[in-house]
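Undergrad: Dumping the structure here so I can ask a few things about it.
The values are calculated or read from the model by the stated rules, or taken from the named source; none is laboratory data. From a predicted model like this one, the values you see are computed outputs, not experimental measurements. Because the Cβ atoms are built from the backbone with ideal geometry, glycine has one as well, and the counts that use them run over all protein chains shown. With ligands, DNA and RNA removed, areas are computed over all heavy atoms of the protein, side chains included. Shrake-Rupley method; radii C 1.70, N 1.55, O 1.52, S 1.80 Å.
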Amino acid sequence: MLWFVAAVVAGLVVLVWSADQFVAGAAGLARALGISPLIIGLTIVAFGTSAPEMLVSAVAALQGNSGLAIGNAVGSNIANMALVLGVTALIAPLAVHSRTLSREFPLMLIVMAVSWLLLGNGELSRLDGVLLLMGMLGVILWTIHLARTTGLEDPLIEELTEEIPEAMPTGRAWWLLASGLLLLLGSSKLLVWGAVGIAQYYGVSDLVIGLTIVAIGTSLPELAASVAAARKNEHDIAVGNVVGSNLFNILAVLGIAGAIGPGAVDSDVLYRDFPLMLALAVALYLMARGFNHNGHGLIKRWAGLVLLLVFLGYQMSLFHMVSAAVNLTAA
């Protein structure tokens, strides 16, 4: 059992670190190839924070653990909205001014609702996966078009371009890209092995492990990025990190899981986890939209506390499920 726990901890640490290396290398290489900072910020940097979830999902699906992949995607979204933004808003109330976010929030809600409908038959099929991945491509192209037409005066666009890593020699960029990718793959396999081992040891489903340990661990990059952005008064990018990551998690992470390893969807996902995810998304949209004369939103400290309490309550309910399974196994 200790080996499984050690594998999960080591896998998460290396996963988060290697994702940063991978993004730095990819961004550096893109700069060397003359790709605009705007495109880099909206694709490579945005992709980077969801790279851990994507790799874990791919490995889990390949090994036939679709429950872990689904739990990772949905659980990470819940963690992003309730844990990440809850903690971030407690540190600094988040003022949202970006017109880009006012358009991406409704898109996030639509994507979540459509994916819920796709999974409503109790199965994540290969067709579902392909449709979700096509949706991801469409979102990337739409976001780039939106950014170009919105202009650099948008706060989110300004902040994203400032977050792009500095230019670096091409050789170093290739090294960071290749080594980061290899470590991402290796740490993902280690994490999945440990998570599945813990699930089997305690007699709980892969889904629950995906919703708890794996989801929280793979959300650490978003937490670090959003807290750092809030400390620098980059409130739009703190919220934008979560919105972008949520879109990637639903479209890319679930899409990869379906395309690689189709499988059944636990009814708890449809009737417990998806409704909570959608409710959090609606609440955040209303906060970020704002109802004052200038249309700017504010996620206040009290709202951050509520979000954090919701997350803790949700995790406690899952913990009780694990405890009940453990007691049943022991009996």
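Undergrad: Once the other residues with Cβ under 11 Å from the Cβ of Gly297 are scored (Lys, Arg +1; Asp, Glu -1), what is the net sum?
TA: Taking every other residue near Gly297 into account, the sum is +1.
Undergrad: Between Gly297 and residues 5 or more places away or on another chain, which pairs have amide H atoms under 5 Å apart, with H built 1.01 Å from N, and which residues are they?
TA: Val96
Undergrad: Another one. Quick one: order Glu222, Glu123 from most to least accessible surface, probe 1.4 Å.
TA: Largest to smallest exposure gives the sequence Glu123, Glu222.
Undergrad: At 0.36 nm per residue, and after removing the present C-alpha to C-alpha distance, how many nm does the segment from Trp17 to Leu309 gain when stretched out fully?
TA: Additional length available on full extension: 102.3 nm.
Undergrad: In region 1-36, whose amide N lies under 19 Å from the spot 7 Å out along Cα-to-Cβ of Trp175? List them in ranges.
TA: 17-33
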